[in-house]
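The values are calculated or read from the model by the stated rules, or taken from the named source; none is laboratory data. All figures in this text were calculated on a predicted structure; none of them were measured in a lab. Counting neighbours? That spans all protein chains shown, and the Cβs are built from the backbone with ideal geometry, glycine included. In case anyone asks, the SASA skips ligands and DNA or RNA and just uses the protein heavy atoms, side chains included. Shrake-Rupley method; radii C 1.70, N 1.55, O 1.52, S 1.80 Å.
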Amino acid sequence: MSTVTSPTAPSSSSAERNGTRVAADDLTIRPLRHPWRWISGAAVLFLVAIFIHAIATNKKLDFAAIGQYLFSPRILSGLVLTIVLTILAMVISTLLAILIAAMRMSKNPVMQAVSAVYIWAFRGTPLLVQVVLWGYLGLLFDRLGIGVPFTSIMFWSMPTNLLVTPFIAGLLALTLNQAAYSAEIVRSGMLSVDSGQREAAASLGMTPVRTFRRILLPQAMRVIIPPMGNEFISMLKNTSLLSVIAVLEIYTVATQISAQNLKQIELLIVVSLWYLLLTSLLAIPQHYLEKYFGRGVAGASEKRAKTPGTTDGETDAAQAAGDGAKEGQR
């Protein structure tokens, strides 16, 4: 806390007060006051109070309708579909992202080029455009099937509109788009691990797969988890874009209901309340995952600080070698 002394204290151990010398220990210490901090806080609270009053006393807002549709079966069914879409899209896109990141980091130029083009294409176009393209795939291909490439031989085929339903189209759009972003997050996490860890693991005879699973991935997760948690929350909200291809998630259902009873604002508030609840719940596992993969970091930092002449890379390599030795003993 910033403090001031009264009277102004000189650099010596005593000060002049009313013509007499006063010891430094007898000086009165007063905390520095911040009047504008309190004034700005009061102004913000005043504006918040105005907003709450304007909403609470608005006669055009039907609060009864909000309570009526908050737990409506149609809204709840849309909520369940939203959760299912979010979980499926995140799980599949994460697996695909790991594969794309591995291709991007490989020494094979073809793999590098394919993964780079994939990320460039899906990150360079709006998600809404991709959703519409997958929704209208039937306009491009009448039938989809399995056959011999470059010939007319087909073993099995099916009309595109029956195979790629609005749910499948929406899932494809969300998954493929998210995989491009997640791949860069995974790659940045892998690059954050010091190269000395790989060398230490290789010197112990660990295979690349075991090195990835036991040495690199646990450390990279500390970097990957926070942005992936944000992507999970973004995915939850991006499901509302599927309303353009008639996927019956919560926003689409709310739009359909409001088109019948003209309660657009009330239904938007209902949808917002559910989104806020879900994003709040998703923040809980993210917190515990960050805590789990970050365990021991503070202790290692303190240990490095107490060990003179030891750099971070040397300590990490030594730790990786120790972990590898334990793995070899298993």
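Taking the simple approach of a point 7 Å from Cα along Cα-to-Cβ for both residue 168 and residue 55, what is their distance in nm?
If labels sit at residue 168 and residue 55, their model points lie 4.2 nm apart.
In whole angstrom, note down how far apart the Cα centers of segment 201-226 and segment 33-65 are.
51
So for each of 240-250, 76-86, 110-120, 26-36 I average, over its residues, the number of other beta carbons within 10 Å; can you give me the resulting order with the highest mean first? Before the final figure, lay out each step's value.
Numbers: 240-250: 20.5, 76-86: 18.6, 110-120: 14.4, 26-36: 9.6.
Top of the packing list down: 240-250, 76-86, 110-120, 26-36.
Assuming a ≥ b ≥ c are the square roots of the Cα gyration tensor eigenvalues, decide whether segment 100-172 counts as rounded (a/c under 1.5), prolate (otherwise, with a/b larger than b/c) or oblate.
Details: a/c = 2.85, a/b = 1.38, b/c = 2.07.
Oblate, since a/c reaches 1.5 and b/c is not below a/b.
Rounded to whole Å, give me the distance from the Cα center of segment 162-193 to that of segment 118-154.
If you average the Cα positions of each part, the centres end up 15 Å apart.
Residue 144's amide H: which non-local residues (gap 5+, or another chain) put their own amide H closer than 5 Å, with H modeled 1.01 Å from N in plane and none for Pro or chain starts?
Correct list: 158, 160.
Using 1/(1 + (r/R0)^6) with R0 = 45 angstrom and r between the beta carbons of residue 255 and residue 295, what's the FRET efficiency to the nearest 0.05?
Details: r = 45 Å, r/R0 = 0.99.
So the FRET efficiency works out to roughly 0.50.
Contour minus end-to-end for residue 123 and residue 48, with contour as 0.36 nm per residue of separation and end-to-end as the Cα-Cα distance? Don't jump to the answer; show the numbers that get you there.
Numbers: separation 75, 0.36 × 75 = 27.00 nm, distance 3.77 nm.
Value of the extension gain: 23.2 nm.
What is the calculated FRET efficiency for residue 144 to residue 63, with r their C-beta to C-beta distance and R₀ = 56 Å, to the nearest 0.05?
Details: r = 49 Å, r/R0 = 0.87.
Once the sixth-power term is evaluated, E becomes 0.70.
With the full set of protein chains in place, find how many percent of the accessible area of segment 81-217 is carbon and sulfur; take the probe as 1.4 Å. Intermediate values should be presented prior to the final figure.
On the way: 5710 of 7940 Å².
Whole-percent figure for carbon plus sulfur exposure: 72.
Taking θ as phi - 60°, what are the ³J(HN,Hα) couplings along segment 252-266 by the Karplus curve (6.51, -1.76, 1.60), each to the nearest whole Hz, with x for Gly and Pro?
Each residue of segment 252-266 in turn: 4, 4, 5, 5, 5, 5, 5, 5, 8, 10, 6, 9, 4, 5, 4 Hz.
Hey, what do the phi angles of segment 223-234 turn into as Karplus ³J(HN,Hα) couplings, whole Hz, using 6.51/-1.76/1.60 and θ = phi - 60°, x for Gly and Pro?
Karplus-based 3J(HN,Hα) across segment 223-234 equals 8, 7, 4, x, x, 5, x, 5, 5, 4, 5, 5 Hz.
Can you tell me how segment 232-291 classifies by the Cα gyration tensor, rounded, prolate or oblate, using a/c under 1.5 as the rounded cut? Let's see the in-between values first.
Details: a/c = 4.67, a/b = 2.07, b/c = 2.26.
Oblate, since a/c reaches 1.5 and b/c is not below a/b.
For residue 23 and residue 40, compute 0.36 nm times the residue count separating them, minus their Cα-Cα distance, and round to one decimal in nm. Walk me through the numbers on the way to the answer.
Values: separation 17, 0.36 × 17 = 6.12 nm, distance 3.86 nm.
Length difference between fully extended and current span is 2.3 nm.
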